[in-house]
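Any read-out appearing in this document is the output of simple, stated calculations on the displayed coordinates, not a laboratory observation. Predicted model only: the values in this text are computed from it and were never measured. Glycine gets a Cβ as well: all are built from the backbone with ideal geometry, and neighbour counts include every protein chain shown.
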Amino acid sequence: MKKLGPIVGIALCSTMLGGGVAVMSATPAWAQDDILIAVSMNRQQERRWAVDRAAMEAEAATLGVRLAFQYADSDPTKQASQVENLLSQNPQALIIVPADRNAAGAIVDSAHEAGVPVIAYDGGITTSKVDYYVTRNNYQVGELQVQAALDFAPTGNYAIVKGDAGNDVAQTIAKAYEDGLNSNGAINIVFDQFIPGWSPATAQSNAENVLSANNDDIAAFVVTNDGMATGVAQALISRDLQGKVFLSGLDGESASLKLVAEGIQTMTAYTDLEDHGRSAVAAAVALAKGEAPQYDTMMDLGSGEVPTHLVPIIAISKANVCDFVKNAPEGWTSVDEVFENPADCQ
């Protein structure tokens, strides 16, 4: 992992890092026990966000800093208002999971005007340059899903069920879908849409419509995340198509791990959420102290290159779901949650 050149925290100005990368560090270096990190989360419906938060809190406890959380419920306007409130608490850094990758640029600008460095978390922000980015290799997620789909069904009708169009994660994974499938003459894409708010109900409704329109002749549902995959799974089960049609996901949540173990969902992808949360807090503390956080690569989110930490991911299928469950982070899942007969996973 690389490390940027030294940063000197100077009030009300930006600092140039090694390689000419500008990072807003308008705050002075703070004593560690005075550091407050504001955390603006997009939503909390999926279990993963509780694990992210636990990892952040564990790292904050280790480093002796405080965290303040808000949840925007996938509403960009609500997120902007919440961040305004968080900034009024005079934090030394802001971690944000953007509700909308374009609208969040104004939030970044407001934070920088207040002298607060910004770490984009999980999803990137395109309209203003953040100071640091923590994300999984989302393009690789799309590649893994596409390759698994092609292994399962090399030909036939494909339905592509993508995440919210305003989310950088959804956009990056969608690019991998496009690169991996659009030039494949053996694949006929009959549905290709983003789903507002990553809604499982909308995904299920769309899947039912796609199946009806194609007389159930669908070889694969390439679905971006597990929440939507559970909706698509219900559409498949209602037509007795479970296990006969490819179905992907992302996050490795218990409900989808159970579907994988039962052969209903073909695969999912899991992000090392402990690494994800801890890395963000560590970077926030470094920036607050006028130091340079470590990074893996430089990534251009739309407003120039940003030092980025890429979180490891793994693909989970029926072949390795038992091993994953037994070694998953504490509180994430359990053998009893995933397997009807726990003896099937010894």
(request) Please tell me the relative contact order of the chain in percent, rounded to the nearest whole number, where contacts are Cα pairs under 8 Å and at least six residues apart. (result) 20
(message) Please state the shape class of segment 199-344: rounded when a/c is under 1.5, otherwise prolate if a/b exceeds b/c and oblate if not, all from the C-alpha gyration tensor.
(response) oblate
(request) Treating the Cα atoms of segment 156-275 as identical point scatterers in vacuum, please give the log10 of the normalised Debye intensity I(q)/I(0) at q = 0.13, 0.17, 0.20, 0.21 Å⁻¹, two decimals. (result) -0.45, -0.79, -1.10, -1.21
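About the Cα centre of the chain, what is the dipole size in debye to 20, counting +1 per Lys and Arg Cβ and -1 per Asp and Glu Cβ, all else neutral? Before the final figure, lay out each step's value.
On the way: 20 positive and 42 negative charges, 84 e Å.
Computed about the Cα centre, the dipole is about 400 debye.
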(request) Taking the dipole about the Cα centre of the chain, with the C-beta of Lys and Arg at +1 and of Asp and Glu at -1, give me whichever of V281, F324, Y295 is farthest to the positive side. (result) Y295
(request) Using the structure shown, list the pairs from K162/K258; K78/K258; K78/K175; K78/K162; K175/K258 with a Cα-Cα distance above 26 Å, or answer none. (result) K78/K258; K78/K175; K175/K258
(message) Just want the answer: with Cβ charges of +1 for Lys and Arg and -1 for Asp and Glu, which residue in N341, Q79, Q147 is farthest toward the dipole's positive end in the chain?
(response) Q79
(request) Can you tell me which of 177-184, 195-202, 35-42 comes out highest on packing, and rank the rest after it, using the mean Cβ neighbours within 10 Å? (result) 35-42, 195-202, 177-184
(request) Identify the residues of segment 102-137 with backbone N under 16 Å of a label point that sits 7 angstrom from the Cα of T62 along the Cα-to-Cβ direction, or state none. (result) none
(message) Suppose every Lys and Arg Cβ carries +1 and every Asp and Glu Cβ carries -1, with no other charges. What dipole size does segment 162-231 come out with about its Cα centre, to the nearest 20 debye?
(response) 60
(request) For segment 200-240, just say rounded, prolate or oblate: build the C-alpha gyration tensor, square-root its eigenvalues into a ≥ b ≥ c, call rounded for a/c under 1.5, and beyond that prolate if a/b exceeds b/c, oblate if not. (result) prolate
(request) Could you give the size of the charge dipole of segment 279-337 about its Cα centre, using +1 on the Cβ of each K and R and -1 on the Cβ of each D and E, expressed in debye and rounded to the nearest 20? (result) 40
(message) Full-extension gain between N209 and N341, please, as 0.36 nm times their residue separation minus the C-alpha to C-alpha distance.
(response) 44.1 nm
(message) Under the rule a/c < 1.5 gives rounded, and otherwise a/b versus b/c splits prolate from oblate, where does segment 266-327 land using the Cα gyration tensor?
(response) oblate
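List the relative contact order of segment 128-210 as a percent without decimals, with contacts defined as Cα pairs under 8 Å and 6+ residues apart.
Details: 87 pairs, mean separation 29.1, N = 83.
Computed over segment 128-210, the figure is 35 percent.
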(message) Order 267-279, 219-231, 100-112, 62-74 from most to least packed using the mean count of other Cβ atoms within 10 Å.
(response) 219-231, 267-279, 100-112, 62-74
(request) Just tell me, in residue order, which DSSP H segments of the chain are both 15 angstrom or longer along the helix axis (alpha-carbon based) and at least -0.5 in mean Kyte-Doolittle hydropathy. (result) 48-63, 138-152, 168-181, 200-213, 226-238, 273-288
